[in-house]
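Undergrad: I have a structure here, written as structure tokens, and I will follow up with some questions on it.
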Protein chains: 2
Amino acid sequence: MRWSTYFLPTLKEVPVEAQIPSHRLMLRAGMICLSSSGIYTWLPFGLRVLKNIETIVREEQERAGAQEVLMPTIQSADLWRESGRYDDYGKEMLRIRDRHEREMLYGPTNEELITDVFRRFVKTYRDLPKNLYQIQWKFRDEIRPRFGIMRGREFLMKDNYSFDIDKEGAYNSYRKMFEAYLRTFARLGVVAIPVKADSGAIGGDMSQEFHVLAETGESKVFYDVAFEELRHKDLASLDIEKLRNLYAAAEEKHDPQTCPVAPENLKEARGIEVGHIFYFGTKYSEPMKATVTGEDGQLIPVEMGSYGIGVSRLVAAIIEASHDAAGIIWPESVAPFCIGLINLKVGNPDTDKASETLYDALQKENVEVLYDDRDLRAGSKFADMDLIGLPWQIVVGGRSLSMNKIEVKCRKTGLREDLSINEVIKKFTKSTISDGKCV
Amino acid sequence: MRWSTYFLPTLKEVPVEAQIPSHRLMLRAGMICLSSSGIYTWLPFGLRVLKNIETIVREEQERAGAQEVLMPTIQSADLWRESGRYDDYGKEMLRIRDRHEREMLYGPTNEELITDVFRRFVKTYRDLPKNLYQIQWKFRDEIRPRFGIMRGREFLMKDNYSFDIDKEGAYNSYRKMFEAYLRTFARLGVVAIPVKADSGAIGGDMSQEFHVLAETGESKVFYDVAFEELRHKDLASLDIEKLRNLYAAAEEKHDPQTCPVAPENLKEARGIEVGHIFYFGTKYSEPMKATVTGEDGQLIPVEMGSYGIGVSRLVAAIIEASHDAAGIIWPESVAPFCIGLINLKVGNPDTDKASETLYDALQKENVEVLYDDRDLRAGSKFADMDLIGLPWQIVVGGRSLSMNKIEVKCRKTGLREDLSINEVIKKFTKSTISDGKCV
């Protein structure tokens, strides 16, 4: 993509309304734009990140055997009356009357709707287990939306729902999702600690929240230092059983008296909630009569769980966990482009030629490149490129070009090396790149 | 995918509420499920089709230089007051009050929102042209939703918007989209005729609707027989200039007295509207002050166009254009799976072994296979497979297996051939398949 034609409006000024780094950086990097209170438009650069996250979330759901559906955003109030939650939900639920004065709502979550789908079609234990997921926009009418998309009103969530014939099956479904979540967050390049949690309005007796560690996190979490191995991201070696049994708790649930971890192994940090998994048994299946016939022909209400990941919130959480004073530092798996190619002297035949050669060669290898071909001062281009945080920068036209060398900089480490054009192409070709992303 | 674990609830009975083939077939093939009046949940099988269509639409938008954004579903009424459309829109607009009693709405279209995004960031003619698109859910509160997703209330639409400095640029943007639409519909396996149209509530003086030809179409269209070349789908040879100048008109616009086509070359057919392209100049940019500075430093309101494709409606339109008495006949580009593999004698070691061998081999080649491993009567399995309409059927366990042969049937032509396992694998491997789809 050539920046000169790309709709990527970066801002030099720090927006006064933004109080946390991710909000400031998403506005400055032209990722989002406020539409109305707590509601945003995703601009092309931000949307690429959102979609990269979606893809990883989807792949790990499919790997765990979940099947994708898509429920509507607008629901009938009737189903929520069946479960008894219509009144419970209060003002965070966006309530709507259609032209026939029927009571509708914009779904803040979908337990009722999916339970209704399930009960219509699944009648026997032989069709269990089932796990259905979707990635769909939700709405919660926050009284004071703030922190950009971190606490917005319209947000993108992956939610899924498991259906089992008995508790044992339900625990197994829960365990599968626990593993899928660890894999998902590790692939996204963040450390997410699974802490014991209250189950809140959804109800149930087993529930964990996943908190991305970041200094600006909203809540304090305590966890066994052994969780730090999640930083390594070598998924093959993740010891799920070990991780499952490690201690982690949100501040409200943490009691130093009964904590089983020795003080020297206990870590304390701030975290941002990005996922939540619940087992809640028959809370919905009983009132909504989602039953199947068991082996003995009896009708049995199904055992359910639900599992959420805040997909849009993750964009902000990743930035909170990975930025510096100059801007964002994208983990390679979610970066909107792998490489930012800077032509420092647009119009100079040598730098133009070297830049175009690199751009063409990398495009041909399916490497995602943002080519800054704008006619701006070097300082602005460097600042913009650091701000938007692509993993690699290729700088054409600096001092090194006189030696037929091009500078390659790693955004995360700041390390630079001078390479020939061919060495640059080799560095970023298929051996090290998969699906256009650096690995 | 193994059908025994797949959430694909087919129905034998014809649903009484469904009046047109696509509605009946989508319900019977387990693609969608009614959630509330005019609002549907997409089940896994239906969602795969929707996503395949989305992918083709997206690829052709990108090829034409459009850049993807994502606007929220919920908008503030204020912007619609600026353009003057808030009152015009009437009861089809779903109007909402949030907890602070602010007037909001669920977007039925997005001219106002995108014009607002544009005017905030684009200030000079140097940044033009721009073309921004999204694929997002919309809501129109139809008084009588019917025909399933064909005239539903919540629907998925690709909408995009072009911004140019002058009329000439705007016409050029319009022409690019005209071509992108022809390519899109051809790739989707349907014939879509671009007919002259009224521009309706959006306004403007150049506009065409694309109608998919289908006997059950809602409107009558007249067109030059030369459009029939669109059936060939050989995109490289599409003569866009020629097609642009051919005659086509909706019934209201067609006047036999002035029609330039000789009667023997004029065709009449029924069509379903699936796309609409508009040039409307400064209708929004003037009242909303979306101006840029021109070469001479003067402020100029941008020339705009908007372009829609009914993505969810296309699922139904494709079925209307391509089905028979037994069920759906998917064009290969949008088929949810390329192949349906039927094991006629589940539990029989020979057929189980042959089926599993084929399933594994085809999966390894990234061919999308739905493997019917359910323990049902042959008649039910044949009927279900015809109903769901996958392009190819592989039948294991019929008479031919005694001769070490397997039957391969083409759903569209009904032609059958008996092949050895290796011949079947060869038939569907990479040479003929691209990205898991038959080509």
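What follows is calculated from the coordinates using simple rules that are stated; it is not laboratory data. On a predicted model such as this, the values are computed, not experimentally measured, just so you know. A quick note on method: Cβ atoms are made from the backbone with ideal geometry, for glycine too, and the neighbour counts reach across all protein chains shown.
Undergrad: Give a residue-ordered list of calculated ³J(HN,Hα) values for segment B:160-169 (Karplus: 6.51 cos²θ - 1.76 cosθ + 1.60, θ = phi - 60°; whole Hz; x for Gly, Pro).
TA: 9, 9, 10, 10, 9, 7, 8, 4, 4, x
Undergrad: Right, something else. On a 0 to 90° scale, report how tilted helix A:111-121 is relative to the longest principal axis of chain A, with both axes built from alpha carbons and the result rounded to the nearest 10.
TA: Between the helix axis and the principal axis of chain A, the angle is about 70 degrees.
Undergrad: Okay, moving on. Output the Kirkwood hydrodynamic radius of segment B:235-284, Cα pairs only, in Å rounded to one decimal.
TA: 13.9 Å
Undergrad: Can you pull the three principal axis extents for the Cα set of the protein assembly as shown, in Å, largest first?
TA: That works out to 86, 75, 60 Å along the principal axes.
Undergrad: Any chance you could give the angle, 0 to 90 degrees and rounded to 10, that helix A:311-321 forms with the longest Cα principal axis of chain A?
TA: Helix A:311-321 sits at roughly 50 degrees to that axis.
Undergrad: Run the numbers for B:Asn245 and B:Lys220: contour at 0.36 nm per residue of separation, minus the present Cα-Cα distance, in nm.
TA: Contour length minus Cα-Cα distance gives 7.0 nm.
Undergrad: Once the label point is set 7 Å along the Cα-to-beta-carbon vector, what list of distances in nm do you get between B:Ser219 and its counterparts in the other copies?
TA: In ascending order, 5.3 nm.
Undergrad: Can you pull the Kirkwood radius for segment B:62-152, inverse mean 1/r over Cα pairs, to one decimal in Å?
TA: When all Cα pairs of segment B:62-152 are included, the Kirkwood radius is 15.0 Å.
Undergrad: Follow-up question, since we're still on this one. How big, in percent, is the set of alpha carbon pairs in segment A:121-249 lying more than 22 Å apart?
TA: 48 percent
Undergrad: Right, another one. Run through the other copies and list how far each one's label point is from that of B:Asp350, in nm with one decimal, shortest first; the point sits 7 Å from Cα along Cα-Cβ.
TA: So the distances to the same position in the other copies read 7.7 nm.
Undergrad: Could you work out the Rg to Rh ratio of segment A:1-108, with Rh taken as the Kirkwood radius (inverse of the mean 1/r over all Cα pairs)?
TA: 1.09
Undergrad: Compute the projected area of the convex hull of the Cα atoms of segment B:337-438, averaged over all viewing directions, and report it in nm² to one decimal place.
TA: 5.7 nm²
Undergrad: What is the magnitude of the charge dipole of the protein assembly as shown about its Cα centre, with +1 placed on the Cβ of each Lys and Arg, -1 on the Cβ of each Asp and Glu, and no other charges, expressed in debye to the nearest 20?
TA: My answer is approximately 500 debye.
Undergrad: Relative contact order (percent) for segment B:21-327, with alpha-carbon contacts under 8 angstrom and 6 or more residues of separation?
TA: 22 percent
Undergrad: Oh, and also: Find the relative contact order for segment A:337-438 and round it to a whole percent, using C-alpha pairs within less than 8 Å whose residues are 6+ positions apart.
TA: It rounds to 32 percent for segment A:337-438.
Undergrad: In the Gaussian network model of chain B, springs joining C-alpha atoms below 10 Å, which of B:Gly90, B:Gly217, B:Gly189 carries the largest mean-square fluctuation?
TA: Judging by the Gaussian network model, the answer is B:Gly90.
Undergrad: Find the centroid of the Cα atoms in segment B:366-384 and in segment B:280-309, then give the distance between the two in whole Å.
TA: Rounded to whole Å, the Cα centres lie 55 Å apart.
Undergrad: Okay, moving on. So what are the radius of gyration and Dmax for the Cα set of segment A:21-327, in Å?
TA: 19.7, 65
Undergrad: For segment A:246-393, divide the Cα radius of gyration by the Kirkwood radius and give the resulting Rg/Rh value with two decimals.
TA: Taking Rh as the inverse mean 1/r over Cα pairs, Rg/Rh reads 1.25.
Undergrad: Here's another thing I want to ask about it. What is the set of long-range amide H partners of B:Gln67 at a cut-off below 5 Å, with H atoms built 1.01 Å from backbone N?
TA: Those lying under 5 Å, H to H, from B:Gln67 are B:Asn131, B:Leu132, B:Tyr133.
Undergrad: Another one. Using a 7 Å offset from Cα along the direction of the beta-carbon, what are the separations from A:Asp255 to the same position in each other copy, nm, ascending?
TA: Those separations, rounded to one decimal, come out as 8.7 nm.
Undergrad: Okay, moving on. Could you check which residue among B:Tyr89, B:Tyr171, B:Tyr106 shows the biggest mean-square fluctuation in a GNM of chain B with a 10 Å Cα cutoff?
TA: Most flexible of the set in this elastic network: B:Tyr89.
Undergrad: Under 5 Å between amide hydrogens, which residues at least 5 positions from B:Asp98 or on another chain qualify, with H placed 1.01 Å from N in the peptide plane?
TA: So B:Asp98 has HN proximity to B:Met104.
Undergrad: Taking one equal scatterer on every alpha-carbon of segment B:103-152, how large is log10 of I(q)/I(0) by Debye at q = 0.16, 0.25, 0.32 1/Å?
TA: -0.65, -1.04, -1.27
Undergrad: With θ set to phi - 60°, apply the Karplus curve 6.51 cos²θ - 1.76 cosθ + 1.60 along segment A:342-353 and write out the HN-Hα couplings as whole Hz, x wherever there is a Gly or Pro.
TA: 9, 9, 6, 10, 4, x, 7, x, 5, 6, 4, 5
Undergrad: Could I ask something else about it? Read phi for every residue in segment A:399-415 and hand back ³J(HN,Hα) as whole Hz from Karplus 6.51 cos²θ - 1.76 cosθ + 1.60, θ = phi - 60°, with x for Gly and Pro.
TA: 4, 5, 5, 4, 9, 6, 10, 10, 8, 10, 10, 8, 4, 6, 8, x, 5
Undergrad: Once you've got the GNM for chain A with C-alpha springs shorter than 10 Å, pick whichever of A:His211, A:His254, A:His100 has the biggest mean-square fluctuation.
TA: A:His100
Undergrad: Could you please state, rounded to a whole Å, how far the C-alpha centre of segment B:56-132 is from the C-alpha centre of segment A:103-117?
TA: First find each Cα centre; the distance between them is then 26 Å.
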